[in-house]
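Colleague: Structure below; questions to follow.
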C-alpha cells in the first residue's frame, strides 16, 4: 500500500513540476529575454545592439521551448513510471545540472538570495531526492 501511495505522490509531483516548467517555458518562449512578465518586471535591460539582442533573444526563446517540452514530458512520464523511468531520470539529472550551472555565476548574493534560493534548492536538492525516490518505486514494483 505504501508503494501505491508513494507512486501516486511522485506522479502528482511530476505533474506539478511539469506544469511549472510549461508556465516558465511559455513565459520565455513567447517573451524572449524580456519575457512576458509573468515573473515580474520586464524593464531590466537596455538594448544597445538590436541585431545581437535579437540573436540572443532567439536562443532564449529556444530554451523556453525546451522548458515547455520538459514540462510536457514530465506530465507524460507521470502516466507510466516504469515505461518512462530512464527518460524521467534523464530529465531530473538535466535539471540538477542546470542548478549546478547557476553556481558558475559566482555571485552568492544572487544565487543564494531570496529570489533564486527556491529554484536552486529544487534543482540541487529535490532532483536527487526524486531520482532516488523514482528508482525505489520502479525497483519495488
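What follows draws every value from the coordinates through simple rules; no lab data is involved. As the structure is a computational prediction, the values presented were derived from the model and not from experiment. Heads up, the Cβs are rebuilt from the backbone with ideal geometry, glycines too, and the neighbour counts pull from every protein chain shown.
Colleague: Within a 10 angstrom radius of the beta carbon, how do 67, 85, 51 rank from fewest other beta carbons to most?
Modeller: 51, 85, 67
Colleague: Something else about it: What ranking do 56, 82 get, fewest neighbouring Cβ atoms within 10 angstrom at the top?
Modeller: Working: 56 12, 82 9.
By the 10 Å Cβ count, ascending: 82, 56.
Colleague: With runs of 4+ DSSP H residues as the only contributors, calculate the mean residue ellipticity of the chain at 222 nm using -39,500 (n - 2.57) per run, divided by the residue total and rounded to the nearest 500. Please report the intermediate quantities before stating the final value.
Modeller: Numbers: 6 runs with 97 residues, N = 141.
For the chain, the value works out to -23000 deg cm²/dmol.
Colleague: Using the number of other C-beta atoms within 10 angstrom as an exposure proxy, rank 134, 55, 76 with the fewest first. Don't skip to the end; give the middle numbers.
Modeller: Details: 134 22, 55 11, 76 16.
Ranked by crowding around the Cβ, least crowded first: 55, 76, 134.
Colleague: Find the centroid of the Cα atoms in segment 87-141 and in segment 9-78, then give the distance between the two in whole Å.
Modeller: 17 Å
Colleague: Return a whole-number percent for the relative contact order of the chain, with Cα pairs under 8 Å and 6 or more residues apart as the contact set.
Modeller: On the way: 140 pairs, mean separation 39.4, N = 141.
Worked out over the chain, it gives 28 percent.
Colleague: May I pose another question? Using a Förster radius of 35 Å, what is the FRET efficiency between residue 47 and residue 3 based on their Cβ-Cβ separation? Nearest 0.05, please.
Modeller: Details: r = 54 Å, r/R0 = 1.53.
The value I calculate is 0.05.
Colleague: Roughly how tilted is helix 50-77, in degrees to the nearest 10 and between 0 and 90, from the longest Cα axis of the chain?
Modeller: It works out to around 10 degrees.
Colleague: Next question. Describe numerically, in nm with one decimal, the distance between label points set 7 Å from Cα along Cα→Cβ at residue 125 and at residue 140.
Modeller: So the label points at residue 125 and residue 140 sit 2.3 nm apart.
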